[in-house]
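> One structure is given below, represented as structure tokens, and several questions about it will come after.
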Amino acid sequence: MPHPDIAEFFKEPNAHYIYGAETLATTLRELIPEYEELEAEAEAFDEEPRTLADIVAAENERFDKIWYVRSLIGIEKEERGEESPPPPDIVTGRDTNMRRVIAKYGAENVGPWDHWHWGYIHGELSALRWVLGEDWGFLDT
């Protein structure tokens, strides 16, 4: 029975005061004939959440891939004369890291992509960073 202070809210014939998960499950089985079937369906979609390590690894992968394509864009702008080349030590570091990204993910997996995929990978990075506590739309690389 509910506490006397709130008992008036449970006067209807179909109102149930339930305390505890097992009591709720028992009551639902009594009230809803297809409850066990629905429960089994819901359990089929029960997934374990990703670990923090999984989320950080996915964020790092998106960071690497976006940085790689942004580097390609920078190189193209340098070649067209739209931007000045960076100092030699920056070029060496960029080239070394671009080779690292290719070696880690494979040349076929690091872009460049069409506009849709370019937007999609940015959306993935934004969502992963949001889960990690950053503001939406934080896309710095």
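Each value in this text was obtained by applying a stated rule to the coordinates, not by laboratory testing. Note that the structure is predicted; figures quoted are calculated from it, not measured. Cβ placement follows ideal geometry from the backbone for every residue including glycine, while neighbour counts extend to all protein chains displayed.
> Step by step: find N for region 52-131, compute 2.2 N^0.38 Å, then divide the Cα radius of gyration by it. What's the final number? Can you show the working numbers first?
Values: Rg = 13.8 Å, N = 80, 2.2 N^0.38 = 11.6 Å.
Rg over 2.2 N^0.38 Å, computed on Cα atoms: 1.19.
> Please state the charge dipole magnitude for the chain, taken about the Cα centre, from unit charges on C-beta atoms (+1 on K and R, -1 on D and E), reported in debye and rounded to the nearest 20.
Computed charge dipole of the chain: roughly 920 debye.
> In nm, what is the difference between 0.36 nm times the number of residues separating ALA25 and ARG94 and their Cα-Cα distance?
Values: separation 69, 0.36 × 69 = 24.84 nm, distance 5.87 nm.
Residue separation times 0.36 nm, minus the Cα-Cα distance, leaves 19.0 nm.
> Would you be so kind as to identify which of GLY111, ALA127, MET98 lies farthest towards the positive end of the dipole of region 52-131, taking Lys and Arg as +1 and Asp and Glu as -1 on Cβ and the Cα centre as origin?
The residue sitting farthest along the positive end of the dipole is ALA127.
> Once R0 is set to 25 Å, what does the formula 1/(1 + (r/R0)^6) return for the Cβ-Cβ distance between ALA44 and ALA107, expressed as a FRET efficiency to the nearest 0.05? Let's see the in-between values first.
On the way: r = 38 Å, r/R0 = 1.54.
For R0 = 25 Å, the calculated efficiency reads 0.05.
> Out of ILE73, THR23, TRP136, whose Cα points farthest toward the positive end of the dipole of the chain (charges: +1 Lys, Arg; -1 Asp, Glu; placed on Cβ)?
ILE73
> Something else: LYS77: which lysines have alpha carbons under 25 Å from its alpha carbon, excluding same-chain residues fewer than 8 sequence positions away?
LYS65
> I'd like the per residue volume of the convex hull spanned by the Cα atoms of the chain, given in cubic angstrom. All intermediate terms of the calculation are to be shown ahead of the outcome.
Numbers: hull volume 31.7 nm³, N = 141.
Normalising the Cα hull of the chain by residue number yields 225 Å³.
> Using a simple charge model, +1 on the beta-carbon of Lys and Arg, -1 on the beta-carbon of Asp and Glu, nothing else, what dipole does region 1-69 show about its Cα centre, in debye to the nearest 20? Walk me through the intermediate numbers first.
Values: 5 positive and 18 negative charges, 65 e Å.
So the magnitude is around 320 debye.
> Here's another thing I want to ask about it. Calculated FRET efficiency, ILE18 and LEU139, Cβ-Cβ r, R0 41 Å, to nearest 0.05? Could you put the intermediate results ahead of the total?
On the way: r = 47 Å, r/R0 = 1.13.
About 0.30, to the nearest 0.05.
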